[in-house]
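Everything on this sheet refers to the single structure shown next.
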Amino acid sequence: MPEKTSVIKSKFISHGTLGSTDLDATRKFYEEFLGLEVARTSKISMMVRLGGEHVYAVVQKRHVDKMPRVNHNGIDVNNDAEVDEAYQACLDQAEKWGLTGITKPVQQHGTYSFHFTDGDGNAWEILSNPRGGYTWIFEQGDLEGRGHWDKNFRDRLANAEADGA
């Protein structure tokens, strides 16, 4: 890896922030539905993570604006069948958890996924990715043309996995 020449001597993206209007209900949803690890950090905040060092701070507010879908949070599952299972679980439990905007699973940008919005207005994507998430895309280098929107882009993943086997 070349030596960094950026102004900020950054090491890694450590966290993001999500909003909640009810931390107890949000914690229950994160643990029981999404399967996230949760640690309460104060009366008005908690931290969540899953499978790595990146965490989200969740901060309680009286009002949380709905997150635009383009700013969503991704949760990886093992394969396409698990995406379909998660999609069905969202449909089946939408009323219980206040889920809205549930989209049908589709193949896009090299993966298979769907989106939904939780009861706090946070946008989520459930997707099938190989171990390491989207890190395999960096091995592709800069893309031209339609890039990761090309309908055949997912074939690159299969080729990358075959080369690594």
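Within segment 81-122, work out how many residues are farther than 23 Å from residue 150 by Cα, free of Cβ contacts under 8 Å to residues at least 40 places away in the same chain and aromatic (Phe, Trp, Tyr). Matching residues across segment 81-122 total 2.
From the list 123, 81, 94, the lone residue that is touching a Lys or Arg at 6+ places or on another chain (Cβ under 6 Å) and not assigned by TED's automatic domain parsing to the domain that holds residue 29 is 123. If you filter segment 11-28 down to residues that are within 17 Å of residue 67 (Cβ to Cβ) and under 15 Å from the mean Cα position of the chain (by Cα), you find that the one that is modelled with the lowest pLDDT is 15.
Of the numbered conditions (1) β-branched (Val, Ile, Thr); (2) over 21 Å from residue 66 (Cα atoms); (3) in contact (Cβ under 8 Å) with a residue 12 or more places away in the chain, residue 8 fails exactly one; give the number of that condition. Single failed check for residue 8: (3). Of the helices (runs of 4 or more DSSP H) that lie entirely inside segment 56-165, those containing 3 or more residues that are surrounded by 11 or more Cβ atoms within 10 Å (Cβ to Cβ) span 80-97, 154-164.
The values are calculated or read from the model by the stated rules, or taken from the named source; none is laboratory data. If you're wondering where the values come from, they're calculated on a predicted model, not measured in any experiment. Counting neighbours? That spans all protein chains shown, and the Cβs are built from the backbone with ideal geometry, glycine included.
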